[in-house]
Amino acid sequence: MLKSLAFLLTALAVFAADDPWTKVRAVKSGTELRILKKDARQPLLAKMDELTENSLLVIVKNEQVAIPKEEIERIDARPLQTGSRVTKETKTGNTGTAPRDAASPKPNRDGGPSSSTSSSVAFGSKPDFETVYTRLAPAPAKR
């Protein structure tokens, strides 16, 4: 009885483990991906399209490409940006004239009130990639 209970608990723990492929399923279409394939020197940059049980469909240079699940080592996704990366700032300052001294024989040559305006534009960076899938190590072979 105790052995069967231990076996049942172990089986439930195995089935309850998160399948990393389900995290990829949560990635929205159009999200920028960085895909590291087996034996690849550099990751593949693509946009998410669809996900099936056995492959990932992505857009690379306006072309749809299917990548089998077995060839994928890791998938990183860049979170969608909610706001603009461009920040604009404008500063305006006003200066008045000094009061004229009535006793001074010289006329006031400071002119009238003046103002100055400065504008700046800053470009922020994109958010960093976050890992959404990592291939599980294969189960050890039984002897």
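FYI, it's all coordinate maths here, none of it is from the lab. Predicted, not measured: the structure shown is a model, and the values here were computed from it. Glycine gets a Cβ as well: all are built from the backbone with ideal geometry, and neighbour counts include every protein chain shown.
At what distance in nm do the modelled label points of Ser118 and Lys47 sit from each other, each positioned 7 Å from its Cα along Cα→Cβ?
Going by the 7 Å Cα→Cβ label model, 3.9 nm.
What distance in nm separates the two pseudo spin-label positions at Glu70 and Asp19, each 7 Å out from Cα along the beta-carbon direction?
Output for this residue pair reads 1.8 nm.
Calculate the spin-label point distance for Thr31 paired with Val86, positioning each point 7 Å from the Cα along the beta-carbon direction, and give it in nanometres.
My value for the distance between the label points is 2.7 nm.
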